[in-house]
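Following: one structure in structure tokens, then a few remarks.
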Amino acid sequence: MKSLLQTLKGATISPPPIWLMRQAGRHLREYRDLRLHANTFLDFCYSPDMAVEATLQPVRRYGVDAAILFSDILVVPDALGQNVSFISGMGPRLEPLDGRTAIDRLDTTNLHAHLAPIYESIRRLRTQLSETTTLIGFAGAPWTVATYMIEGGSSRDHQRTRAYAYESPDDFQVLIDLLVEVTAAYLIRQADEGAEVVQIFDSWAGVLPPVQFDRWVIKPFQKIVATVKTAHPHLPIIGFPRGAGLGYATFSAKTGVDAVSLDSTVPLTWAAKNIQQDTVIQGNLDNLVLRAGGKQLENAVQEILSVLSARPFIFNLGHGILPDTPVDNVRQLIDMVRGR
């Protein structure tokens, strides 16, 4: 069995499997060259030729234990009919949802047809990956996707979304319930087409206080995990509630995920003690330490391995690879984890 799948089934493996969030992307020269051939970022995501190539590039270069599908969490609102674009140097831009009428205009009828190129990428990848490399599919969690849909893009404090959730909780619940439904359907279809693991990214989970965290992060995760597991009982699911702090323990205990991915702020000794033993831990190297390299990188890697290698563990970052990270530092990291 592939090392990542073994770990996600509860095995403790030495050395642990390793893959990296945003392992495909701008830190790779070959990705930057490939990106020049697409007019827009969404065109890139919807081109199986380019998405497959981008997915495979870090596997060829580094020999990581998993390939994660090259795509973006905002293909879901795009498929629902919201106007989504990506502006160079500024990030995503969406036509903001301004209330219940705008939410009611979202249309699920063309979801799978719109996302068909992504399913085609998964099918192709399954034929091109080696027998030792696991294919990971993914989606954004409802709370995080909702923040982009309401804010109209990235936000420092997500004030508009948090205020809407407080002031119009019933209407906001309609949006979350819709995103739960389509996210589960999207992940099921990815598994149908060949994804062997899925990860759900809740990048902005950390902005919520405990009661709101329970309602808008934990409960939607519970519903998605239950729905996906009904269709694919043995599909491993990784949850990443970035910034959740003490909420990681509750998240891992209540959501039903097989693994929890830790951000870099989580103390490792606390995680080892407080995250239940039957939940696999993934993480949590600081991406800035990876960019810095050298002795600081060596020390950080050794600390993570010394604390977490006694339990089922997947080595990863606490967030994605930064665009200006040297390739040699990534190689150094992988060599250290593998004891070379």
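Points to keep in mind about this one:
- Screening the stretch 220-245 for residues that are without any contact (Cβ under 8 Å) to a residue 12 or more places away in the chain and of a type outside the set (Ser, Thr, Tyr) and picking the one that is farthest from VAL174 (Cα to Cα) gives HIS234.
- Of the helices (runs of 4 or more DSSP H) lying entirely inside the stretch 1-107, those containing at least 2 residues that are open to solvent by 20 Å² or more (accessible area, probe 1.4 Å) are 3-8, 29-35, 41-45, 48-62, 100-104.
- In summary, LEU322 fulfils each of the numbered conditions (1) part of a loop (DSSP other than H, G, I, E, B); (2) surrounded by 17 or more Cβ atoms within 10 Å (Cβ to Cβ) with the single exception of condition (2).
For (1) charged (D, E, K, R); (2) at pLDDT 95 or above; (3) out of contact with any Asp or Glu (no Cβ under 9 Å at 6 or more places or on another chain), each residue gets a yes or a no:
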{"site": "GLU30", "(1), (2), (3)": "yes, yes, no"}
{"site": "ARG60", "(1), (2), (3)": "yes, yes, no"}
{"site": "ILE68", "(1), (2), (3)": "no, yes, yes"}
{"site": "LEU74", "(1), (2), (3)": "no, yes, yes"}
{"site": "PRO77", "(1), (2), (3)": "no, yes, yes"}
{"site": "GLY81", "(1), (2), (3)": "no, yes, no"}
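Residues are listed down the side, and each one gets a yes or a no for (1) in contact with a Lys or Arg (Cβ under 7 Å, 6 or more places away or on another chain); (2) small (Gly, Ala, Ser):
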position	(1), (2)
TRP204	no, no
GLN212	no, no
ILE218	yes, no
GLN222	yes, no
ALA226	no, yes
ILE237	no, no
ARG242	no, no
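- In the set (1) open to solvent by less than 60 Å² (accessible area, probe 1.4 Å); (2) not in a loop (DSSP other than H, G, I, E, B), ARG126 fails one condition alone, (1).
- Looking across the stretch 194-229 at every residue that is charged (D, E, K, R) and in contact with a strand residue (DSSP E or B) (Cβ under 8 Å, 6 or more places away or on another chain), the one that is nearest to SER155 (Cα to Cα) is identified as ASP202.
- Unmet criterion (only one of (1) assigned to a helix (DSSP H, G or I); (2) crowded, with 23+ Cβ neighbours inside 10 Å; (3) free of Cβ contacts under 8 Å to residues at least 24 places away in the same chain) for GLN296: (2)
- For the stretch 204-219, filtering for residues that are within 17 Å of LEU175 (Cβ to Cβ) and in a loop (DSSP other than H, G, I, E, B) leaves 2.
- Hey, GLN276 open to solvent by 40 Å² or more (accessible area, probe 1.4 Å) and over 22 Å from the mean Cα position of the chain (by Cα) or not: no
- Cross-chain or 6+ apart pairs with Cβ under 8 Å, the stretch 65-91 first and farther than 24 Å from ARG105 by Cα, then open to solvent by 50 Å² or more (accessible area, probe 1.4 Å): ASP65/THR132; ILE87/ARG93; GLY91/SER154
- When residues in the stretch 147-170 are screened for being surrounded by 17 or more Cβ atoms within 10 Å (Cβ to Cβ), part of a helix (DSSP H, G or I) and not small (Gly, Ala, Ser), 8 of them pass.
The values are calculated or read from the model by the stated rules, or taken from the named source; none is laboratory data. This is a predicted model, so every value here is computed, not measured. Neighbour counts are summed over all protein chains in view; Cβ atoms, including those assigned to glycine, are modelled from backbone coordinates with ideal geometry. Quick note on the areas: whole protein, heavy atoms, side chains included, nothing else; ligands and nucleic acids left out. Shrake-Rupley method; radii C 1.70, N 1.55, O 1.52, S 1.80 Å.
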